[in-house]
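J.: Encoded as structure tokens, here's the structure I'll be asking about.
The values are calculated or read from the model by the stated rules, or taken from the named source; none is laboratory data. Bear in mind that the values here come from a model prediction, so they are computed numbers and not experimental data. All Cβ positions, even for glycine, are placed from backbone atoms using ideal geometry, and neighbour counts span all protein chains on display.
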Amino acid sequence: MTDQPTEDTAGPGHARSRAEVGVGEGCVYNPSRRTFLSELSALAAGAVLAKSASAAQAAASESVAPYRIDVHCHFAPPSWVAEWSPKGSVWPPLTKWTPAKHLEDMDQAGVAASIVSVTTPGLWFGDAATSRRLARECNDYAARLTQDYPRRFRMFVALPFPDVEGSLREIEYGLDSLHADGIGLFTSYGDKWLGDPAFAPVFEELNRRRALVYTHPAAATCCHNLVPGISDVVIEYGTDTSRAIARMVFGGSARRYPQMRVIFSHAGGTMPFLVERFDNLSKTPPYSTDLPDGFRAEARKFYYDTAQTSNPAAMAALKVVIPTSHVVFGTDYPFRTHADHAKGLRECGVFSDAELRGIERENILALLPRRPE
């Protein structure tokens with residue numbers, strides 16, 4: 001949130017007092033009776049208008065009851081920022097993140113709770129020791145945040161993926177000791193996407209625990225800076241999300257780990273647009289045997305958030321493919337505001353009031369291990 005410029009309090013429409021006028025201006029305040037009465041009336045009118053404005057703001061605040069739950073928003077643990085900043089890898093909005101700013105933005109859009117997660121560039125530094133240490137520091141910081149603001153903040157556990165052994169330890173610590181709501185993963189790690197057999201031990205544990213798994217897009221090793229002048233977040237993140245969904249479905253993980261509840265970001269990336277191709281692929285061998293009900297039956301097991309996609313085109317496409325009961329509210333704060341997405345969803349014209357209530361709150365409540373207080 002940017003600071004708003006201050007305005008001169010003695011601007012148009014402001015009745016200046018005797019002390020305000022003439023100080024340093026070389027003039028004397030000596031109004032006529034008519035001028036005095038005119039200014040008195042203006043003051044009275046201004047007081048009435050101010051009172052009306054305050055009442056209107058109070059009414060507006062009361063009408064936006066804090067009930068929404070944001071599943072896609074980010075925080076900036078100090079140790080994480082300190083580790084990545086020298087490498088130039090921390091986006092400016094994250095360097096300015098504070099709990100107070102986050103809460104203020106939530107309040108402006110009737111958001112009751114935010115489930116925070118670590119975003120790109122993640123936690124992997126090429127060595128397990130550094131990544132494990134940083135994961136623990138990030139998770140402990142998130143836990144303190146949830147303790148300080150128990151009604152407002154929740155957490156997804158950060159893992160030192162693709163370090164499988166370290167990730168298994170952090171899953172146990174995060175879910176059993178910190179009582180987190182779920183696990184945070186990225187769509188790809190190096191040249192491997194979610195669903196790759198290399199990650200099977202972690203997926204088996206998450207499936208055993210019936211864990212909620214939030215996934216955030218990344219840019220795989222193959223695909224950094226492909227289009228000059230266009231950041232990876234603009235095109236590649238949506239594409240990598242689609243690759244992860246395809247790997248999960250066509251690689252068999254969606255069927256192999258049915259108890260694991262997975263949330264994909266940004267309305268599934270490009271998946272809704274590519275659904276016809278995915279449907280046709282699922283009808284060809286060997287997928288026609290492995291996926292007897294086709295691609296969509298597997299894709300509908302996943303959940304999809306609304307971050308950066310709360311617009312008519314994206315939401316209409318997603319609704320054709322996925323039941324609205326599997327759509328959840330996300331904002332990508334601090335990169336976008338909560339109000340952006342609340343407004344976008346309400347004005348996109350795709351959902352009924354009942355569907356919106358589900359998306360903004362009820363759908364995610366069904367997945368959380370404990371309801372917000």
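J.: Considering only the stretch 349-370, how many residues are among the aliphatic types (A, V, I, L, M), surrounded by 17 or more Cβ atoms within 10 Å (Cβ to Cβ) and part of a helix (DSSP H, G or I)?
T.: Result for the stretch 349-370: 3.
J.: Pairs please, first residue from the stretch 106-120 and on the phi > 0 side of the Ramachandran plot, second anywhere and part of a strand (DSSP E or B), Cβ atoms under 6 Å, 6+ apart in sequence or on different chains.
T.: 110/68
J.: Hey, another quick one. Those residues that are over 23 Å from the mean Cα position of the chain (by Cα) and closer than 16 Å to residue 223 by Cβ, I need them from the stretch 239-254; list them, please.
T.: If the condition is that a residue be over 23 Å from the mean Cα position of the chain (by Cα) and closer than 16 Å to residue 223 by Cβ, then 247 is the only one that fits.
J.: Sort out for me the helices (runs of 4 or more DSSP H) sitting completely within the stretch 213-332 that have 1 or more residues that are of a type in the set (Asp, Glu) and either in contact with a Gly (Cβ under 9 Å, 6 or more places away or on another chain) or not assigned by TED's automatic domain parsing to the domain that holds residue 112 (or both).
T.: Output list reads 232-250, 271-281, 287-290.
J.: Here are some residues: 90, 81. Which one is assigned by TED's automatic domain parsing to the domain that holds residue 305 and not in a loop (DSSP other than H, G, I, E, B)?
T.: So the residue among 90, 81 that is assigned by TED's automatic domain parsing to the domain that holds residue 305 and not in a loop (DSSP other than H, G, I, E, B) is 81.
J.: Take the stretch 293-326 and flag every residue that is without any contact (Cβ under 8 Å) to a residue 40 or more places away in the chain and either among the aliphatic types (A, V, I, L, M) or closer than 21 Å to residue 65 by Cβ (or both).
T.: If the condition is that a residue be without any contact (Cβ under 8 Å) to a residue 40 or more places away in the chain and either among the aliphatic types (A, V, I, L, M) or closer than 21 Å to residue 65 by Cβ (or both), then 297, 310, 313, 316 are the ones that fit.
J.: Go over the candidates 103, 145 one by one and state the one that is farther than 25 Å from residue 163 by Cα, of a type in the set (A, V, I, L, M, F, W, C), surrounded by fewer than 22 Cβ atoms within 10 Å (Cβ to Cβ) and in contact with a helix residue (DSSP H, G or I) (Cβ under 8 Å, 6 or more places away or on another chain).
T.: The conditions single out 145.
J.: While we're here: Is it the case, given these coordinates, that residue 346 is part of a helix (DSSP H, G or I), in the same structural domain as residue 147 (by TED's automatic domain parsing) and surrounded by 14 or more Cβ atoms within 10 Å (Cβ to Cβ)?
T.: Here the answer is no, as residue 346 does not meet what is asked.
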